[in-house]
Amino acid sequence: MKKLLICILLTLTVHPVFQAEAVKKPEVGYGYDAPLRIKKVILPEVPKSWRLETKNFENSILLAYFDSNDKLILTISEENRRLMVPVAGSEQAEINNTTYIYHPWISRQRGWVLCWIKGDVYFEMNSFALNVDEMITIAETITKQIKE
């Protein structure tokens, strides 16, 4: 439970880096403040040795993966679709008709933040353990599951 709390706090500290634009009245149901429309968790393909903990919130689902030593490997937040606003120093990659925006984690520890949108879902992945290429490879296993 302590590790899940750490993951949640980690996600919440990164989350403000990407700001969504205000939701206009006709688009009610989109945006961070809308009730979550995702019906079920979309799981990536990861090594079987990784342990998963999930936490459902009113407007998002958080996946946290740990290695066999209970060290956090990555977190993935799944939310209603919203706009992505890149931060300074971010880069992007277009792979299989999906744009992935990524930037280094700004702290004393090396890490990455990766964001993308597919269908009606906004995804944000954070990791201190993986590099961008590894994160995109995992992200692609999620993206392939979503039909637009």
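The values are calculated or read from the model by the stated rules, or taken from the named source; none is laboratory data. Remember, it's a predicted structure, so these values are computed and weren't measured experimentally. Neighbour counts run over all protein chains shown; Cβ positions are idealised from the backbone, glycine included. Surface areas here come from the heavy atoms of the whole protein model, side chains and all, with no ligands, DNA or RNA. Shrake-Rupley method; radii C 1.70, N 1.55, O 1.52, S 1.80 Å.
Among 108, 82, what's the order by accessible area (1.4 angstrom probe), most exposed first?
Details: 108 245, 82 20 Å².
Output order, biggest surface exposure first: 108, 82.
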Which peptide among 127-136, 50-59 comes first, and what is the full order, when sorted by highest mean count of other Cβ atoms within 10 Å? 127-136, 50-59
How much accessible area does residue 137 have with a 1.4 Å probe, in Å² rounded to the nearest 10? 90 Å²
Ranked highest first by the average count of other Cβ atoms within 10 Å around their residues, in what order do 116-122, 93-99 fall? 116-122, 93-99
Environment charge of residue 45, counting only residues whose C-beta is closer than 13 Å and scoring Lys/Arg +1, Asp/Glu -1: 0
Mind checking the dipole of the range 106-148: about its Cα centre, +1 per Lys or Arg Cβ, -1 per Asp or Glu Cβ, Debye to the nearest 20? 120 debye
Please list 73, 106 in order of solvent-accessible area, largest first, computed with a 1.4 Å probe with all protein chains present. 106, 73
Rounded Å value of the spacing that divides the Cα centres of the range 41-70 and the range 88-148: 15 Å
Suppose all protein chains stay in the model; what accessible area per residue would a 1.4 Å probe give for the range 43-148, in Å²? 52 Å²
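Below 8 Å between Cα atoms, with a sequence gap of 6+, how large is the relative contact order for the range 35-104 in percent? Walk me through the numbers before you get to the answer.
On the way: 85 pairs, mean separation 15.1, N = 70.
After rounding, I find 22 percent.
Which of the residue pairs 39/118; 48/71; 55/147; 55/144; 40/71; 39/71 have a Cα-Cα distance greater than 18 Å in the structure shown? Working shown, then result.
On the way: 39/118 15 Å; 48/71 15 Å; 55/147 24 Å; 55/144 23 Å; 40/71 26 Å; 39/71 29 Å.
From 39/118; 48/71; 55/147; 55/144; 40/71; 39/71, over 18 Å: 55/147; 55/144; 40/71; 39/71.
Working with all protein chains in place, sort 43, 74 by solvent-accessible area computed with a 1.4 Å probe, largest first. Present the calculation step by step, with values, prior to reporting the outcome.
Details: 43 80, 74 0 Å².
Listed by decreasing accessible area, they come as 43, 74.
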